[in-house]
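Read through the structure below, which is laid out as structure tokens, and then see the notes.
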Amino acid sequence: MSFTDQLSRVARFASKYFVVWVVAAAALGLWQPATFVPILNYVNPLLGLIMLGMGLTLTPADFKRLVERPVDVGIGAVTQWLVMPLAAYLLYLAFNLPEAIGVGLILVGAAPGGTASNVMTYLGRGDVALSVAITTVTTLAAPIVMPAWTLVILGQGIDVTFMEMFTNIVQIVIIPVVLGFALRYLLDRAAPAVAEIGMDVFPVISVGAIAAIVAGVVGANVESILTAGALVLAAVILHNGIGLGAGYGVGKAVGMSTDRVRATSFEVGLQNSALAVALATSLFDPAAALIPALFSVWHNVSGPALASFFAWQDDQAATKEPSPTTAD
């Protein structure tokens, strides 16, 4: 077996059991918090690596899709931009969460889609091209959407300005994504073998980076988790469920095909919680990173579960189809 094949196997293994690594990281953060808290000093560069990897997955064809299918992309993006921030705000009020923790919920709600939505769409037999297109749009719009929603909802309750959030998001999201896209474009033409290796390496790096961030945030919020854990976890589960349900419902309501409905469901419900963690730790109280970290764990449980259900639905439908008969 060649080195490239071995690398591909490692990447598939890391991605397949992603939820295991994230849950294990959270458990380690609870067990040995002092060991992992220092990771919070490196959240921004770690997220930059993750976003560089996302940029490497993009090709000119992905941007071409934005022009070819603007309606479905727009529906998915607008649904996410409206449903998730408003749902976060209502849950914040309904559960009477402490302000610092509530900030984290709002940040998750205003965050763009992440690469997890693309992976779950693939596993759930949805329209991956649509998923990637929506993720691209929401990510590129994040420097405007996230500060706007955060300031509209929280208003004078926070000391962070629109420009501070805008600058942070550009630095840790847009620049790495653009660099990754440019690097992929150049490698595809000059060294396609190297590009293929990069596509295998970066998923492993992303898994490791997200797991490290989760361990650091959980370690820094052990007391909050133990005292308000059930309430906070309920907010996370409901927020994620509302997003998945709203995306599915809107897709059905506007008459999308089944594969596009599934893509929209994942795009609305699965957020770039790592970005919310980075903003929470760099601009707000460390407690604000608690809900984004828990969201990282939970949506990597609910996402695969829903993807498996969708795949099971297809398998059941296939077995019920009458077998073709041949004429005598």
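From the residues in the stretch 23-32 that are assigned to a helix (DSSP H, G or I) and open to solvent by 40 Å² or more (accessible area, probe 1.4 Å), which one is modelled with the lowest pLDDT?
23
Of 10, 20, 37, which residue is more than 23 Å from residue 198 (Cβ to Cβ), touching a residue at least 60 places away in the same chain (Cβ under 8 Å) and in a helix (DSSP H, G or I)?
Of 10, 20, 37, the one residue that is more than 23 Å from residue 198 (Cβ to Cβ), touching a residue at least 60 places away in the same chain (Cβ under 8 Å) and in a helix (DSSP H, G or I) is 37.
For the subset of the stretch 149-170 comprising residues that are open to solvent by 50 Å² or more (accessible area, probe 1.4 Å) and not hydrophobic (A, V, I, L, M, F, W, C), which member is nearest to the chain's Cα centre (by Cα)?
In this case the residue turns out to be 167.
Can you find a residue that is within 20 Å of residue 119 (Cα to Cα), touching a residue at least 40 places away in the same chain (Cβ under 8 Å) and among the charged types (D, E, K, R) anywhere in the stretch 156-175?
Scanning the stretch 156-175 turns up no residue that is within 20 Å of residue 119 (Cα to Cα), touching a residue at least 40 places away in the same chain (Cβ under 8 Å) and among the charged types (D, E, K, R).
Can you list the helices (runs of 4 or more DSSP H) found entirely within the stretch 59-167 that contain at least 2 residues being at pLDDT below 90 and in contact with a Lys or Arg (Cβ under 7 Å, 6 or more places away or on another chain)?
128-154
Just to be sure before I move on: is residue 242 under 30 Å from residue 73 (Cα atoms), of a type in the set (Val, Ile, Thr) and assigned to a helix (DSSP H, G or I) in the structure I sent?
Here the answer is yes, as residue 242 does meet what is asked.
State all residues of the stretch 135-155 that are of a type in the set (A, V, I, L, M, F, W, C), in contact (Cβ under 8 Å) with a residue 60 or more places away in the chain and closer than 23 Å to residue 46 by Cα; if no residue qualifies, say none.
The answer is 137, 141, 142, 145, 146.
Report yes if some residue within the stretch 185-193 is touching a residue at least 60 places away in the same chain (Cβ under 8 Å), assigned to a helix (DSSP H, G or I) and closer than 14 Å to residue 45 by Cβ; otherwise report no.
Looking through the stretch 185-193, none of the residues is touching a residue at least 60 places away in the same chain (Cβ under 8 Å), assigned to a helix (DSSP H, G or I) and closer than 14 Å to residue 45 by Cβ.
May I ask you to list the residues in the stretch 171-218 that are open to solvent by 40 Å² or more (accessible area, probe 1.4 Å), more than 20 Å from residue 12 (Cβ to Cβ) and β-branched (Val, Ile, Thr)?
Scanning the stretch 171-218 gives 175, 178.
Somewhere in the stretch 64-86, is a residue crowded, with 21+ Cβ neighbours inside 10 Å, within 25 Å of residue 217 (Cα to Cα) and out of contact with any strand residue (DSSP E or B) (no Cβ under 7 Å at 6 or more places or on another chain)?
Yes: one or more hits.
The values are calculated or read from the model by the stated rules, or taken from the named source; none is laboratory data. Since we're looking at a predicted model, the values are computed, not measured. Cβ: placed from backbone, ideal geometry, glycine included. Neighbour counts: every protein chain shown. The accessibility values were calculated without ligands, DNA or RNA, using every heavy atom of the protein model including side chains. Shrake-Rupley method; radii C 1.70, N 1.55, O 1.52, S 1.80 Å.
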